[in-house]
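The values are calculated or read from the model by the stated rules, or taken from the named source; none is laboratory data. Just so you know, these numbers come straight off a predicted model, no measurement behind them. Here the Cβ positions follow ideal geometry from the backbone for every residue, glycine too, while neighbour counts run over all protein chains shown.
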């Protein structure tokens, strides 16, 4: 009776045969068994998409399948299939050492049984069991490594954790939630936390997608506040480098802002939105900007040449008595006054409104022109006024002793070199060539508008 062979090529000798070679065959069988128990071999599967058939060599140690661990090698340029005979029944350590992003499938040569496949990026080691559980459709089973439980302190070095992923929270040493984590579908932006060397600060940065600008949102719960600092010392918000610090609302949309300007003498700029005002304690705060000075007619004096009439006090039938400077209808007449502006004045142009009346029912217009000159300490007062500027001529109401107020004028440039330590002389003139009121225009006063650029007059 002749010898038979196992699925992995071990020779089963019949009684009484192989006289004189029995020892050699037995040694070969032991070598095959040793390979099956713990042998290692490499199998090249290099090339494009193809099927590599692994066979058994009966009574020989050269068969790839008669080894416990098989390493697949070579550069693959297509998906690979590796097949084994239907009667092979054992488990294998399979190592995928191929290069190339393609799958490697390990299966029986035929049938519809289960198989095992290395994914395109899987260059690891797997344990599989060739079950030979069905004569025509046997299964290749991925045994896997299962769950491993380690006790005591463990150190992982040069390991990449791909699974499991961090779930919904990170717990503290007591098992309580320390940080909750939520997922956003198709997320591209994230936080990057970087440590730092001695003398430098760690950083939390927004990183990720191709977005040029990515915010970091800090959201207290309910009406809670965002608190910085340790509670043991003053807390400071600052910029990294020579940049301004800007505070605004609504991501800068429809918002006022506070800008702390970088520099040795940097300003703090508070800019309300629209018609908003700067408040402190619920009340508006006076800030640098447009200011007003009222100069009544009683503080003015007629020019010596071509001057208006002197101050007159008029008693009306009801209410206040008025003091006016009367300007004739037939020729240009002028009056003067002087102002020392506050030190907070920006030393720029000014504008004005004229307040007047007429003891007439005429509805003609009156044109008022204002000119100015600034006189510094030790300078001659005998200096010409600048160019006069007039607002749009104002029509009288047509009722005697009604108040008439001109529109605000354009910018009046003051002659000389205006400064806050100077006296500014003004001349107001009725320009009869530009008006047509058939009556005296009775000037009540002038409202001056100027701009400040300091918080006070210190």
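How many residues are in a strand (DSSP E or B) and crowded, with 17+ Cβ neighbours inside 10 Å if we restrict to the stretch 53-81?
Qualifying residue count for the region: 6.
Considering only the stretch 188-218, how many residues are out of contact with any strand residue (DSSP E or B) (no Cβ under 8 Å at 6 or more places or on another chain) and either closer than 23 Å to residue 241 by Cβ or exposed (fewer than 10 other Cβ atoms within 10 Å of the Cβ) (or both)?
Of the residues in the stretch 188-218, 12 are out of contact with any strand residue (DSSP E or B) (no Cβ under 8 Å at 6 or more places or on another chain) and either closer than 23 Å to residue 241 by Cβ or exposed (fewer than 10 other Cβ atoms within 10 Å of the Cβ) (or both).
Just to be sure before I move on: is residue 128 closer than 17 Å to residue 41 by Cα and in a strand (DSSP E or B) in the structure I sent? Write out each step before concluding.
Details: closer than 17 Å to residue 41 by Cα: yes; in a strand (DSSP E or B): yes.
When the stated conditions are applied, residue 128 passes them.
Determine whether residue 125 is free of Cβ contacts under 8 Å to residues at least 24 places away in the same chain and closer than 16 Å to residue 70 by Cα. Show your work before the answer.
Working: free of Cβ contacts under 8 Å to residues at least 24 places away in the same chain: no; closer than 16 Å to residue 70 by Cα: yes.
No: the conditions fail for residue 125.
Where the second residue is modelled with pLDDT under 95 and surrounded by 18 or more Cβ atoms within 10 Å (Cβ to Cβ) and the first is within 22 Å of residue 395 (Cβ to Cβ) and outside the structural domain of residue 295 (by TED's automatic domain parsing) and lies in the stretch 438-458, which pairs have Cβ atoms under 7 Å and are six or more apart or on separate chains?
If the second residue must be modelled with pLDDT under 95 and surrounded by 18 or more Cβ atoms within 10 Å (Cβ to Cβ), no pairs are left.
Quick one: would you say residue 88 is in contact (Cβ under 8 Å) with a residue 40 or more places away in the chain, crowded, with 19+ Cβ neighbours inside 10 Å, within 16 Å of residue 139 (Cα to Cα) and in contact with a strand residue (DSSP E or B) (Cβ under 8 Å, 6 or more places away or on another chain)?
Judged against the criteria, residue 88 is a match.
How many residues does the stretch 380-394 hold that are more than 51 Å from the chain's Cα centre (by Cα) and in contact (Cβ under 8 Å) with a residue 40 or more places away in the chain?
Total satisfying the criteria: 5.
Within the stretch 347-354, is there a residue that is out of contact with any strand residue (DSSP E or B) (no Cβ under 9 Å at 6 or more places or on another chain) and either at negative phi or in contact (Cβ under 8 Å) with a residue 60 or more places away in the chain (or both)?
No, there is no match, as no residue in the stretch 347-354 is out of contact with any strand residue (DSSP E or B) (no Cβ under 9 Å at 6 or more places or on another chain) and either at negative phi or in contact (Cβ under 8 Å) with a residue 60 or more places away in the chain (or both).
All but one of (1) more than 17 Å from the chain's Cα centre (by Cα); (2) in a strand (DSSP E or B) hold for residue 246; state the number of the condition that does not hold.
The failed condition is (1).
Taking residue 290 as the residue in question, decide whether it is in contact (Cβ under 8 Å) with a residue 60 or more places away in the chain and exposed (fewer than 10 other Cβ atoms within 10 Å of the Cβ).
Values: in contact (Cβ under 8 Å) with a residue 60 or more places away in the chain: yes; exposed (fewer than 10 other Cβ atoms within 10 Å of the Cβ): yes.
For residue 290, the condition - in contact (Cβ under 8 Å) with a residue 60 or more places away in the chain and exposed (fewer than 10 other Cβ atoms within 10 Å of the Cβ) - is met.
Among the residues in the stretch 372-379, are any touching a helix residue (DSSP H, G or I) at 6+ places or on another chain (Cβ under 8 Å) and part of a loop (DSSP other than H, G, I, E, B)?
no
Here is a list: 110, 205, 209. Which entry is outside the structural domain of residue 252 (by TED's automatic domain parsing) and modelled with pLDDT under 90?
209
Can you give me the number of residues within the stretch 421-458 that are over 18 Å from residue 381 (Cβ atoms) and part of a loop (DSSP other than H, G, I, E, B)?
The number of residues fulfilling the criteria is 13.
Determine whether the stretch 32-44 contains at least one residue that is surrounded by 14 or more Cβ atoms within 10 Å (Cβ to Cβ), at pLDDT 75 or above and part of a loop (DSSP other than H, G, I, E, B).
Yes, some residue in the stretch 32-44 is surrounded by 14 or more Cβ atoms within 10 Å (Cβ to Cβ), at pLDDT 75 or above and part of a loop (DSSP other than H, G, I, E, B).
Would you mind finding the one in 249, 168, 155 that is in the same structural domain as residue 267 (by TED's automatic domain parsing) and modelled with pLDDT under 90?
Answer to the selection: 249.
Tell me, yes or no, whether the stretch 294-306 has at least one residue that is loosely packed, with under 15 Cβ neighbours inside 10 Å, assigned to a strand (DSSP E or B) and within 51 Å of the chain's Cα centre (by Cα).
Looking through the stretch 294-306, at least one residue is loosely packed, with under 15 Cβ neighbours inside 10 Å, assigned to a strand (DSSP E or B) and within 51 Å of the chain's Cα centre (by Cα).
Every residue in the stretch 91-113 that is in a strand (DSSP E or B) and crowded, with 19+ Cβ neighbours inside 10 Å, please.
Across the stretch 91-113, the qualifying residues are 92, 94, 96, 104, 106, 107, 108.
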